[in-house]
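**Student:** My structure is below; once you've seen it, I'll send some questions.
A short reminder: the numbers here are calculations on the coordinates, not readings from a lab. All values derive from a computational prediction rather than experimental measurement. Virtual Cβ from ideal backbone geometry, glycine too; neighbours counted across all protein chains shown.
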Amino acid sequence: MNIVRRSAAVAGLAALVWLAASAQAGAVGVTLIQQSDGTVKTYANVVMTLSGGTLTLRSADGRGTLQIRTGACSFVKSIRYCLPYAARLTQGKRSHAIALAYGSVFFNFTNSEQNLPHSSGGLAPHTVLLLLKTARGTYVTAKGRLDEVRS
Amino acid sequence: MSLQLLMVLLAAVAPAPAYHSAPAYHPAPVYHPAPVYHPAPVYHPAPGGFSMPHDINARPPQIRPAPVRVAPGYHVAPQQQRTLAYPPHAPYRSGPYSGWHGRVIPNRYGRRNWGWNHGIIWYPVPYYWGGGFWGPWVAGVSGVALFGSIIDYNDQMIFPSYQTGPSSPGAQLLYDYGLTQTDCGPPNLVVIWGPNNSVICAYPNDMVAPGNYEVDPATLTLQSLSAQ
């Protein structure tokens, strides 16, 4: 169990490093989805929008949309930090609730790069970083510039 | 004779032959190889949007009492399972208490409504212990450090306590009052009841005496249970 947890943590860390290297200011979003069996799929050119407390990730082909509801938002310096508590995956015309276990969402709404809390890494301006685990053990990590923000 | 003399004179006044310096050797030009441009990786997105086959129709996580050992007849206090898009307004029911009439201990930083949160209202979310006030912990998920518990013998209810997460609103509260969290259970501690039946304990100090307190999320202030 510990080995599984450790390997998942290593995979998550590797994903974070990869995301940090690949996502640049102005770039569109990148999303990694790691199934509980370890397989990882990468999605580039993901459109990321924030409306109220709902973060929406739309795949490049436009056929998949993942909506994540966040709340309990607080600030760590200039980084807004929220907790995801509900998610819905829409594929074509079908929509499914995705049960979440836990996660964190970081927003940088400022015009300068900000340090992530308890990390040496930074978050580019107007960028979101999402890390979550579903109830079925799927890890979703996403990072990219917010294409649209609505209050 | 005169012609010879003339030639000698001409030779004397003629300019010295020009000595050409040795040809300068210009080093061969250094050819810098053309930079190698690594093309950006091309990502081929999987067709059909996002693939999450294992998560379709999955049930929401059940908040388990583990790692709290529940004595027979006792049960763990329930946590919020639905969305509340508003904050708890003090005084609110938390733990076994509902009436909070005691003294309000002002926050030493004089925090006004939501001033601690850049003026944005904080509200609790489901699944997370204390609605996320004390950190991003989901009650019952392994890996979260249990910090003792409070037992309500009248209602046979157990209120587990967990370690406060760094950078959480709860951590800010503890900092503002100069409190240090400790395991719940021993007597004469500061017992702070937060949103959604959450509770933490801390050592008393000059500002906060032992007893039960409720936290007002809007101002990060503590109010004691009774005037005693």
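**Student:** Among A:LYS77, A:LYS143, rank each residue by its count of other Cβ atoms within 10 Å, from fewest to most, as a rough exposure measure.
**Tutor:** A:LYS77, A:LYS143
**Student:** What does the structure give for A:94-106 when I average, per residue, the other chain Cβ atoms found within 10 Å of the residue Cβ?
**Tutor:** 4
**Student:** Just counting partner chain Cβ atoms within 10 Å, what average do the residues of peptide A:133-141 show around their Cβ?
**Tutor:** Other-chain Cβ atoms within 10 Å of each residue's Cβ, averaged: 4.
**Student:** Next question. Quantify how strongly other chains surround peptide A:70-83 by giving the mean number of their Cβ atoms within 10 Å of each of its Cβ atoms.
**Tutor:** Shielding by partners across A:70-83 averages 6.
**Student:** For a Förster distance of 56 Å, can you work out the FRET efficiency between the beta-carbons of B:ILE151 and A:ASN111, rounded to the nearest 0.05?
**Tutor:** Efficiency for this residue pair is about 0.65.
**Student:** Once the Cβ-Cβ distance between B:TYR86 and A:SER51 is put in as r, and R0 is 25 Å, what FRET efficiency do you end up with, to the nearest 0.05?
**Tutor:** With R0 = 25 Å, the Cβ-Cβ based efficiency is 0.85.
**Student:** Continuing with this model, one more query. Fewest Cβ neighbours within 10 Å first, please rank A:ARG63, B:ARG112, A:ARG136 accordingly.
**Tutor:** Ordered by Cβ neighbours within 10 Å, fewest first: B:ARG112, A:ARG63, A:ARG136.
**Student:** Okay, next question. PRE reach from B:TYR175 (point 7 Å along Cα→Cβ): which of the range A:73-100 fall under 20 Å by backbone N?
**Tutor:** The answer is A:73-83, whose backbone nitrogens lie closer than 20 Å to the label point.
**Student:** While we're here: Starting with the fewest neighbours, write out B:VAL104, A:VAL30 ranked by other beta-carbon atoms found within 10 Å of each beta-carbon.
**Tutor:** The most exposed by this proxy come first: B:VAL104, A:VAL30.
**Student:** For A:GLU148 and B:ARG69, what does the FRET efficiency come to when R0 = 41 Å and r is the distance between their Cβ atoms, rounded to the nearest 0.05?
**Tutor:** 0.25
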